[in-house]
Structures are given as C-alpha cells and as structure tokens.
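Single-structure report; data block below.
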C-alpha cells in the first residue's frame, strides 16, 4: 500500500515528494482543516449511547475515529460505507505486515526484492482498485467542495505536472498506514494516563472545553499549554513509533563505535525518552518538562515524531487532531479505567498488552 511513497523514498526523490506534500501539512493548511476534523470528531462521539454511564473500548474507538478523520481530510469522504471500506483496508494491511514471514527474512538475508505473499498482493490489488475509483470519480465530477490531499496531488505541481497514478496510490497509502494507527495509539496512551490522573484530567477539561460545540480556533489550541504539555509527556513515555531504523550508506563512527557500511542503525525513542542522561527522574510523569513559563519547549532528546530532515511531516496535524478529540471527549465524559492499566508491547508500533475497558460517566450532553 505504501509502495514508493514518502517513507521509503530516498535522496532527491524523497525531497521531491516531501515538497509535493508539504503544503497540505503546513500550519496554514492544518488550520483550514480544523472545522472538518472537529465535525468528524463531534459526529462520531455524539453517535454513542446517551447513557449516564457506559463502558467502551476506546482504542477501538480511536482507531475508527482516526480513520474517519483521514477519510474526510485526505479524500473528502463522508460516506460511512466508504469510511468502513477504508478502515477494512487499513486493518488488513496492518495485520498483513504486523509479523515477519519467511519471505521477509529471505529478503533480509539475500538483500534483494522478494515476492510478497498472496494475501499481501491481494490487499494491494484491491487497494489500488479502490483508490482508482475515487480518482476516477473525482475526475468525472470535478473538484471536491473542500480542499483535500487528493486535490493537492492532482494539481499542477512539481515542475508543471500533477502526481502520477502510482504516486497517488503510494502517498494516500502512506498517510493511511502510517497516520491512523500512530495517532490512535497516541490518543489511547494519553487517555490511559488521564484516567490514572483525575486531577490532570480536570485541569485539561477546564482548559480545553469552554465551548466544545464550536470548532476551536488555532490560537486557542496553541494557548492550551497544560493540555499540550500533557500530550507531549504522554508521547515521551509511550511513543507509538518506539524504534527507528536506518541503514548506514558508508562507513561511519560515533565516538568509539565503528559503524560499517550497510549496518542497521537503530535509534530508539523509547530508550532516549527514558534515559537518565537526558531526563531527571525519567520514570516520573512530569508535564513541567515541556513548559517554561507561558510557552512550550521541546527538549532535544524528545523524538516521538522522529527528528531531523525526515521528522514526521504530519506532526502538527496529529497534535491538532489529538487536542480536538480530547476537547470533545472530555467535555462530555469523565473517564476512568475499569480494571488495571495495560503495559506496552513493542510490535510495529507500541501497542497495549491488552485492550482495557474504560468507564465513561456523562457530565453534559454530547
């Protein structure tokens, strides 16, 4: 599904793709997307039962919700059937790639491209057909009523040409496969910590939820220092992308460690975020690490979105989405865990050892 998209592109091709997508994830563009994100989030949460108390699997909810946001903002999809189809593709692709098969190990050892399994090829074929139908429909009926990523990719950019069909497949697949589960997990771990820290939950509720029925202004979200610091500290302790791997292009050296060409170099945010050299009392939850007076600061060792030129292009989008979801959720419900909190398990992403049940107590009408 990702193909030759932004994640796997290198060199000049990566720079070209990055420049192609950067306008969609700019600060100004994310601000224009806030009403769409807010409406999608509000419709989803308002569809829940009106019970005074209920239990929910919020990880499953966050997965569905982040898919709906991607469908709305990337492809202008509001139809529940098409959103469900998109969710099914994402789940299939996630399941197909979650564990290595014998072909993956063979590719690692022989250092060559090895054919994918029939199941993975089937997901890719159906994905391309589905996206092509979206592209063809857009070509038939013209532009969407709202600006989205597909419109950006089809525009006359990149030296006078829009993205090719293969590029559209790759970039939409990249944003789907890399964007929905990481944001859902960031929301999940943040809400687990909010459930364990009711006083912080109340502080964030008071800061975010003054007028939850209306789309927030970007300036209000930027001014939500307590909420932002809480999210950042949650991402420090539970970074969804807990490990980043790169291959050394040439012989290199870090202090006394020799790195031969072709070696795999692993940078682990999970370790960097908990290292005593970078964080006083690193196991303690402390939002003050990210605040200096009335501004947010980002310590150099904090890298849940990566770091450097290849930092996640959608980090501002993801943070904005998390704030909007918390704003709506906490305005309606007080959240507790119905049982113990799960520990983390490192797979492709940092997942919970089990999916806990949350108790939600309504505090106002959705």
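Values in this text are rule-based calculations from the coordinates and carry no lab data. Quantities reported herein were computed from a predicted structural model and do not represent experimental measurements. Positions of Cβ are generated from backbone atoms using ideal geometry, with glycine treated the same way; all protein chains shown enter the neighbour counts.
Before moving on, here are some points about what is shown:
- Among 228, 55, the order by Cβ neighbours within 10 angstrom, fewest to most, reads 55, 228.
- Residue order for 325, 241, fewest other beta carbons within 10 angstrom first, comes to 241, 325.
- Note on 335, 322: ascending count of other Cβ atoms within 10 Å places them as 335, 322, the fewest first.
- The chain - Kirkwood radius from inverse mean 1/r over Cα pairs (Å): 21.9
- Across segment 262-366, the relative contact order, built from alpha-carbon pairs under 8 Å that are at least six residues apart, equals 18 percent.
- Cα gyration tensor category, rounded, prolate or oblate, for segment 32-94 with a/c compared to 1.5: oblate
- Segment 226-362 - share of DSSP beta bridges that are antiparallel (%, nearest 5): 95
- Cβ crowding within 10 Å averaged over residues, with 82-88, 216-222, 180-186 ranked highest first: 180-186, 82-88, 216-222
- Segment 304-365-segment 43-78 distance, computed between alpha-carbon centres (Å): 13
- Shape of segment 294-366, Cα gyration tensor, a/c cut at 1.5: oblate
- Look at the alpha carbon pairs under 8 Å that are at least 6 residues apart: their mean separation over the length of segment 211-284 gives a relative contact order of 26 percent.
- CD proxy at 222 nm, helix term only [per DSSP H run n ≥ 4: -39500 (n - 2.57); per residue of the chain; nearest 500]: -17000 deg cm²/dmol
- Residue 271/residue 125 FRET efficiency (R0 35 Å; Cβ-Cβ; nearest 0.05): 0.35
- Hypothetical label at residue 338: residues of segment 50-93 whose amide nitrogen lies under 13 Å (7 Å Cα-Cβ projection): 51-59
- The relative contact order of the chain comes to 24 percent, based on Cα pairs under 8 Å that sit 6 or more residues apart.
- Overall form of segment 1-46 per C-alpha gyration tensor (a/c, 1.5; a/b vs b/c): oblate
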